[in-house]
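A short write-up of the structure that comes next.
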Amino acid sequence: MTALKIRLTFPPEKITEPIIYKIGQHFQVVTNIRRANVTEEAGWVMLEMQGASDEIERAIDYLKNINVQVEPVEGDVVQ
């Protein structure tokens, strides 16, 4: 099992969509929100994903295809 920490940045039109829920439903990954900030204009989430490498890659591809910015995070995102 692989674990990956990423930062997701959502465009304004995606803020109200249950994207993280959909990831857990459509891909065999476990998501864990480590930190987040969402307003009416912008949103970002520090997310930990666990699962098989190919499932994590599929989930990341899905995020990129729906215009969510994905960036890797180093270290622990909770102080």
**Asked** If each of Ala36 and Lys22 carries a label point 7 Å out from its Cα toward its Cβ, how far apart are those two points in nm?
**Response** 1.5
**Prompt:** Quick one: Karplus J couplings for the range 14-20, per residue in order, coefficients 6.51, -1.76, 1.60, θ = phi - 60°, nearest Hz, x for Gly and Pro?
**Reply:** 9, 4, 8, 7, x, 5, 5
**Request:** Report, by chain and number, residues whose modeled amide H sits under 5 Å from the one on Val73, excluding near sequence neighbours (fewer than 5 apart, same chain).
**Result:** Lys5, Ile6, Arg7
**Asked** What translational diffusion coefficient, in µm²/s and rounded to a whole number, does the Stokes-Einstein relation yield for the chain at 37 °C and a viscosity of 0.692 mPa s, taking the hydrodynamic radius as the Kirkwood radius over Cα pairs?
**Response** 261
**Message:** Taking amide H atoms as placed 1.01 Å from N in the peptide plane, list the residues 5 or more away in sequence, or in a different chain, whose amide H sits under 5 Å from that of Ala52.
**Reply:** Thr2
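Please state the relative contact order of the range 18-79 as a whole percent: Cα pairs under 8 Å, 6+ residues apart?
Details: 61 pairs, mean separation 17.8, N = 62.
With pairs under 8 Å counted, the relative contact order is 29 percent.
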**Request:** Return the long-range amide H neighbours of Arg35 (sequence gap of 5 or more, or a different chain), with a cut-off of under 5 Å between placed amide H atoms.
**Result:** Met46
**Fill in**
Karplus-derived 3J(HN,Hα) from phi for the range 46-62 (6.51 cos²θ - 1.76 cosθ + 1.60, θ = phi - 60°), whole Hz, x at Gly and Pro, runs 8, 10, 9, 10, 10, x, 5, 3, 5, 5, 4, 4, 5, 5, 5, 4, 4
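Could you please report the charge total around Pro12, scoring K, R as +1 and D, E as -1 over all other residues with beta-carbon less than 14 angstrom from its beta-carbon? Write out the running numbers ahead of the final one.
Numbers: positive: Lys14; negative: Glu13, Glu17, Glu40, Glu41.
Local charge sum for Pro12: -3.
Values quoted throughout were computed directly from the atomic coordinates according to the rules given, and no laboratory measurement underlies them. For clarity, every value in this text was computed on a predicted model and none was experimentally measured. Neighbour counts are summed over all protein chains in view; Cβ atoms, including those assigned to glycine, are modelled from backbone coordinates with ideal geometry.
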